[in-house]
1. Can you compute the FRET efficiency between residue 5 and residue 297 using 1/(1 + (r/R0)^6), with r the Cβ-Cβ distance and R0 = 45 Å? Round to the nearest 0.05.
2. Taking 0.36 nm per residue of sequence separation and subtracting the Cα-Cα distance, how much length would be gained by fully extending the chain between residue 317 and residue 415, in nm to one decimal?
3. Taking 25 Å as the cut-off for C-alpha to C-alpha distance, list the pairs among 56/99; 14/99; 63/255; 133/255 that go past it.
4. Using a cut-off of 14 Å between beta-carbons, work out the net charge of the residues near residue 80 (Lys and Arg +1, Asp and Glu -1, residue 80 not included).
5. Mind grabbing the base-10 log of I(q)/I(0) for region 180-278 at q = 0.19 Å⁻¹? Debye formula, identical points on the C-alpha positions, no solvent, two decimal places.
6. So how compact is region 205-259: Cα radius of gyration and Dmax in angstrom?
7. Below 12 angstrom from the Cβ of residue 362, what's the summed charge of the other residues (Lys, Arg +1; Asp, Glu -1)?
8. Taking a ≥ b ≥ c as the square roots of the eigenvalues of the Cα gyration tensor of region 81-143, is the shape rounded (a/c under 1.5), prolate (a/b larger than b/c) or oblate?
Amino acid sequence: MVGETLGRYRVIEKIGSGGMGEVYRAHDDQLDRDVALKVLPAGALADDAARKLFRKEAQTLAKLNHQSIATIHEFGSQDGVDFLVMELILGKSLKGVLKDGPVPENQVQRLGLQLTEGLAAAHEQGVIHRDLKPANIMITSAGRLKILDFGLAKLVEGTTALDLAQSSTQSDAMPGTLPYMAPEQLRGGPIDARTDVYATGAVLYETATGQRPFPETNAARLIESILHQAPRRPCELNRGVSSGLQAILLRALEKEPENRYRAIQELHTEFEQLKVTAGKKTTSITLELSQPSPLEIAHVLFVDLVQYSMLPMEEQRLRLCELQKIVRNTTEFIRAKSADQLISVHSGDGMALVFFGDPEAPVRCAVELSRVLSATPEIKLRMGINTGPVYRVADINADRVVSGGGINLAQRVMDCGDAGHILLSKVAADVLMQLSHWSSGYHCGILASVGRDGGLGRENSDSGSLVR
């Protein structure tokens, strides 16, 4: 197909594929612009009558004009090849974004507002999406959400849930990717706007938690769960999910359509109210930061790359980027960041992770880093942990940062160790030892008690890592 010409469109490269066909980047020679050209699967339109009906549907979809909806330019046929010409969107699919794990709640709110706004505009024109999933949602480099493939699932409307169970559980199974299909779709019942409400709930549930509402990979078991089981509460998968967002998601995922939001606009209104509530909290934080900040007790993990200064400059940059990516993907980082209980401060050859509230957080994070990095031997870390006073400040760019002796001592603790060591200050160790499951159930490869004078006393130095 690459190098061929369909109508006035010169095919440049293949950029994707799925149950609805293959997608190519093409150039419109008449208007001198690049477009996305979706070639429909062979046999999708069995005859001229089906082709005529689809053309009518495509004309309806082309009338959808909203910034959250990818524009359809035209439908064409040439030498038995049926294709749609669409707006070319440069960015990343939500499916690709979620490979890095859940996103913070403020971003879930923003995406939820854009997604429901676009769906509401389509529903006003009588168009139901039917196949909403992360792969059909693009995020541009400017952060704008774009919905793809509106209404195209009608092409294979005769496919049943049983057909899907027998054939495929892949993310591109049609109509409607199975994990995001509403119960009424699986039962073969009537489809309406509330079906898109369910799919929106499923997509945003995964966006907030990093997991699908029903994670089963066996198709028959997945269908059984969608029809009869309740999804886990989002806060069980991500403690950073607020009660407000959780309530919205669970209502959208109700089994019976009448128990969900009656219209996508209602769901949009819920996200607007959630944003207002979150905005009040942010304003409160901003006002607090404008005043002299009181001292707080924080739990600090300081990490740095061993022999960083001996690496070539380009290698330094690559190692730092890789370390930051690994840290951002740890369970503890994601949880604390979503709950606004973490501030990360970058140093020249590492970073300080300043946790608030939970004294165990830096240790859990350090243990996870050690396990992950065991598969990346080229990245060697030293880690130091301390509990102590810090204060919050706002720099000239209004970024939230922290400073104080709690961070400084964590760095001194780290400096006492070698590659692979996790060291604790005496204060941090004393706090943890008051928790019964730590005092009896854990030991440390290099569990250090570092006094206020910087003196080091090692315990259990014959063991290799922090393990249960």
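The values are calculated or read from the model by the stated rules, or taken from the named source; none is laboratory data. Since the structure is predicted, the reported quantities are computational estimates derived from the model, not experimental observations. All Cβ positions, even for glycine, are placed from backbone atoms using ideal geometry, and neighbour counts span all protein chains on display. Ligands, DNA and RNA are excluded from the accessible area calculation, which covers all protein heavy atoms including side chains. Shrake-Rupley method; radii C 1.70, N 1.55, O 1.52, S 1.80 Å.
1. E(calc), rounded to 0.05, equals 0.10.
2. 33.1 nm
3. Too far apart for the 25 Å limit: 56/99; 63/255.
4. Net charge around residue 80: -4.
5. -0.90
6. In order Rg, Dmax, the Cα atoms of region 205-259 give 11.5, 32 Å.
7. -3
8. It comes out oblate by the Cα gyration axes.
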